[in-house]
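Contents: one structure, followed by commentary.
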Amino acid sequence: MSSFNIHGVPVSNGIAIGKAHLISNALLEVIHYQLDKNEVPNEIKRLSLAMNEVRKDLLKIKKQLQKNSSDEFSAFIDTHLMILTDKNFSEKPKKIISKDSCNAEWALKKQMDFFVSKFEQIEDEYIKERKNDVIQVVERILKVLLGHPSQSNHINKGSSAILVARDISPADALQFKKHQYAAFLTDMGGSTSHTAILARSLNIPSIVALQNARDLIKNNEQIIVDGNQGIVIINPSEDILKEYQVRQNIWGIEQKKLSKIKNIQSKTLNNEKIELLANIEVPGDIQSVKDNKASGIGLFRTEFLFMNRKNLPNEEEQFEIYKSVARSMKDKTVVIRTLDSGADKLTSADTTISANPALGLRAIRLCLSEPQLFNIQLRAILRASKFGKIKILIPMLSSLSELRQTKLLIERAKKSLANQKILYNNNIKIGGMIEVPAVAINAELFAQELDFLSIGTNDLIQYTLAIDRTDDRVSHLYNPLHPAILKLIDITIKAGKKYNKQVSICGEMAGDSKLTKLLLGMGLRHFSMHPSRILSVKKQVLNSNTKKLVLWSNKILKTKESETIETIIHKINQ
């Protein structure tokens, strides 16, 4: 058997070695056949029973999730339940059966194809990717109609099986989690897909967007998954296998070593304290924040509370969530970002889809255009501020007039609470996201009017380099070490120093341990990242001398080429 490699998008680090376990694609088994007219009522009934079985299965999974407080998974299940209850999805196939006298499988697939074709016409990559939710629900129904057993039953617990699939639904991923799979690979998905989000939650090596792995890999073939590089090696030679076994052992040892520095204070060799905060999406992430000994929460992405639901969360619901997070963190900082809806994060607040959503009515622009929606959230945050060290963070500011409008609305929310004699922290800190190049260039003006600055490097890179970060076709152009990006970060950090305002980075750059020493040398003292990355960044902090790193960073800021910058960073990290 010849060995070959496949490349994809890595979404969760680590190395796995095991046997391929292919998940069957029920869609490939669908054939068309004609029914007699007298068979049509029973066929419609068969489809209804299959849909009901899938609904019961999803509700059962959701109930298990609620016991385990797995909110990030529960939201995905809710999306699939909503699809099942949509009349266009559930009733149209029955009409197709009646009209065409065809089998249920064919009618269901025909309606699915109609939905998918509509999604394909949408330019926005994130919305287009939601077609996969429809496909996953259809797959589940087809498996019931075709009499497929639960595929996870074929794997023993603790095995080194590696899942290979066209795509993995959130519900299936939950079942797979129980069987302790070593890794999973999918043909579909991008860095913002449900599959990618689930991969990071499951914390196993995972690669998506492999395109045709499901067709190229055979069941039980030995494969290596390099989640660090996004490489899959099929039928590796003995030498390659031995090399990766060594790498796997080294990776495991490194992870164990990192756990030993959990309780060590985050200080540099020259005794400077560095704050390592965590980014969270839902309250269920708090345990991971505590496990990794974060200094606090540097970014609470509240838009995830608005996702996968028909109705907007009211003030009371939001207040209870913000209060519970603040209480859980006790005296530690909790930075709550106001609704950053739009672009790649569509919520129930998005009533229209822009032709170019990344540059459209999103984030603070949306909130200022919907003052009632914004007021509800502001009141909830202000009420919760009495229960912890809460700060407010405003996303996607692009002008001082937007900032002043926002501050005016915050004052109005305060006044409404005061009139009702509801307590809140009148001195709550207000910060702004530096993610639009125009704001970074004018960082000094914003530093004078804000209490703190938070650099959102993900969007800053996207807007500065004119790259859609959700589009895999241009992902190679997404470069955090582009001289222009480093210059904008440098301008912002210096503006914070000049006006004595705290500056943090809450984008992916903060959690990339290869860049930690560069950012320390540039003067950054506050990092906010995914909880799982805190210890690897802390390791770099503990081995750093900021006074020496300043010289290296100054050299990098004068460098014109990204490739040369990468070479210098490699030297710094040795």
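The values are calculated or read from the model by the stated rules, or taken from the named source; none is laboratory data. Since the structure is predicted, the reported quantities are computational estimates derived from the model, not experimental observations. Counting neighbours? That spans all protein chains shown, and the Cβs are built from the backbone with ideal geometry, glycine included. Protein only, heavy atoms only, side chains kept; ligands, DNA and RNA dropped before computing areas. Shrake-Rupley method; radii C 1.70, N 1.55, O 1.52, S 1.80 Å.
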Exercise. Identify the residue in the range 15-47 that is at pLDDT below 70 and in a helix (DSSP H, G or I) and, among all such residues, is least open to solvent (accessible area, probe 1.4 Å).
Key: Ala26
Exercise. Looking at (1) in a helix (DSSP H, G or I); (2) within 24 Å of Ser528 (Cα to Cα); (3) modelled with pLDDT under 95, find the lone condition where Asp468 falls short.
Key: (1)
Practice problem: Evaluate the following for Ala50: is it modelled with pLDDT of 80 or more, open to solvent by less than 20 Å² (accessible area, probe 1.4 Å), among the aliphatic types (A, V, I, L, M) and assigned to a strand (DSSP E or B)? | Solution: no
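How about the range 287-331: which of its residues are of a type in the set (Val, Ile, Thr) and more than 21 Å from the chain's Cα centre (by Cα)? Give the steps one after another, and end with the answer.
Looking only at the range 287-331, we keep the residues that are of a type in the set (Val, Ile, Thr), and these are 289, 297, 302, 321, 325.
Those that are of a type in the set (Val, Ile, Thr) and more than 21 Å from the chain's Cα centre (by Cα): none in the range 287-331.
Outside any helix (DSSP H, G or I), outside the structural domain of Tyr322 (by TED's automatic domain parsing), open to solvent by 20 Å² or more (accessible area, probe 1.4 Å) and among the basic types (Lys, Arg): does that describe Lys242?
Values: outside any helix (DSSP H, G or I): no; outside the structural domain of Tyr322 (by TED's automatic domain parsing): yes; open to solvent by 20 Å² or more (accessible area, probe 1.4 Å): yes; among the basic types (Lys, Arg): yes.
Answer is no for this residue.
If I filter the range 300-309 for residues that are assigned by TED's automatic domain parsing to the domain that holds Met509, over 21 Å from Cys506 (Cβ atoms) and at pLDDT 85 or above, do I get at least one hit?
Going through the range 300-309, the residues assigned by TED's automatic domain parsing to the domain that holds Met509 turn out to be 300-309.
The next check asks that each one be over 21 Å from Cys506 (Cβ atoms); those that pass are 308-309.
Within this subset, residues satisfying the condition of being at pLDDT 85 or above are none.
Taking every residue of the range 300-309 in turn, none turns out to be assigned by TED's automatic domain parsing to the domain that holds Met509, over 21 Å from Cys506 (Cβ atoms) and at pLDDT 85 or above.
Only one of Ala343, Ala363, Ala358 is surrounded by fewer than 23 Cβ atoms within 10 Å (Cβ to Cβ), under 15 Å from Tyr463 (Cβ atoms) and modelled with pLDDT under 95; which? Explain how you work it out, then say what you get.
Details: Ala343 fails: surrounded by fewer than 23 Cβ atoms within 10 Å (Cβ to Cβ); Ala363 fails: surrounded by fewer than 23 Cβ atoms within 10 Å (Cβ to Cβ).
Of the residues listed, the single one that is surrounded by fewer than 23 Cβ atoms within 10 Å (Cβ to Cβ), under 15 Å from Tyr463 (Cβ atoms) and modelled with pLDDT under 95 is Ala358.
Answer with yes or no whether Asn279 is open to solvent by 80 Å² or more (accessible area, probe 1.4 Å) and either outside any loop (DSSP other than H, G, I, E, B) or of a type in the set (A, V, I, L, M, F, W, C) (or both). Give the derivation first.
Working: open to solvent by 80 Å² or more (accessible area, probe 1.4 Å): no; either outside any loop (DSSP other than H, G, I, E, B) or of a type in the set (A, V, I, L, M, F, W, C) (or both): yes.
Judged against the criteria, Asn279 is not a match.
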Quiz item: Within the set of pairs 6 or more residues apart or between chains, which connect a residue that is on the phi > 0 side of the Ramachandran plot inside the range 548-565 to a residue that is open to solvent by less than 70 Å² (accessible area, probe 1.4 Å) with Cβ atoms less than 6 Å apart?
Solution: none
Quiz item: For Asn249, are the conditions met, namely being of a type outside the set (A, V, I, L, M, F, W, C) and outside any helix (DSSP H, G or I)?
Solution: no
Practice problem: Residue by residue through the range 492-518, note down the ones that are open to solvent by 10 Å² or more (accessible area, probe 1.4 Å) and more than 28 Å from the chain's Cα centre (by Cα). | Solution: Lys494, Lys497, Lys498, Tyr499, Asn500, Lys501
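Every residue in the range 282-308 that is basic (Lys, Arg) and open to solvent by 70 Å² or more (accessible area, probe 1.4 Å), please.
Step one: list which residues in the range 282-308 are basic (Lys, Arg), which gives 290, 293, 301.
Scanning the range 282-308 gives Lys290, Lys293.
Give me a count of the residues in the range 476-489 that are open to solvent by 20 Å² or more (accessible area, probe 1.4 Å) and not basic (Lys, Arg). Can you show your working first?
Taking the range 476-489 as the starting set, the residues that turn out to be open to solvent by 20 Å² or more (accessible area, probe 1.4 Å) are 476-480, 482-484, 487.
Okay, now just the ones that are also not basic (Lys, Arg), so 476-480, 482-484.
Number satisfying all stated conditions: 8.
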Quiz item: Do you know which residues across the range 519-566 are open to solvent by less than 60 Å² (accessible area, probe 1.4 Å), under 16 Å from Ile489 (Cβ atoms) and charged (D, E, K, R)?
Solution: Arg525
Quiz item: If Leu465 passes every condition in (1) touching a residue at least 24 places away in the same chain (Cβ under 8 Å); (2) over 19 Å from the mean Cα position of the chain (by Cα) but one, which one does it miss?
Solution: (1)
Self-check item: Search result, residues across the range 435-459 that are part of a helix (DSSP H, G or I) and either at positive phi or modelled with pLDDT of 95 or more (or both)
Solution: Pro437, Ala438, Val439, Ala440, Ile441, Ala443, Glu444, Leu445, Phe446, Ala447, Gln448, Glu449
Quiz item: Mind checking which residues of the range 519-534 are in contact (Cβ under 8 Å) with a residue 40 or more places away in the chain and within 15 Å of the chain's Cα centre (by Cα)?
Solution: Ser528, Met529, His530, Pro531, Ser532
Self-check item: Pair list, Cβ < 8 Å and 6+ apart or interchain, from the range 69-94 residues that are farther than 19 Å from Lys56 by Cα and at pLDDT 80 or above to residues that are in a helix (DSSP H, G or I) and among the small types (Gly, Ala, Ser)
Solution: Pro93/Ala104; Pro93/Ala107; Lys94/Ser48; Lys94/Ala107
Quiz item: How do the pairs read when you match residues in the range 288-317 that are over 19 Å from Leu382 (Cβ atoms) with residues anywhere that are of a type in the set (Val, Ile, Thr) and part of a helix (DSSP H, G or I), using Cβ under 8 Å and keeping only pairs 6 or more apart or on different chains?
Solution: Asn292/Ile534; Lys293/Ile534; Ala294/Ile534; Asn308/Thr79
Quiz item: Considering only residues of the range 385-407 that are within 24 Å of the chain's Cα centre (by Cα) and touching a residue at least 60 places away in the same chain (Cβ under 8 Å), which is farthest from Ala440 (Cα to Cα)?
Solution: Ile390
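Go through the range 245-276 and give me each residue that's hydrophobic (A, V, I, L, M, F, W, C) and open to solvent by less than 60 Å² (accessible area, probe 1.4 Å). I'd like the intermediate steps shown before the answer.
Here is the first cut: in the range 245-276, the residues hydrophobic (A, V, I, L, M, F, W, C) are 246, 250-251, 253, 258, 261, 264, 269, 274, 276.
Within the range 245-276, Leu258, Ile261, Ile274, Leu276 meet the criteria.
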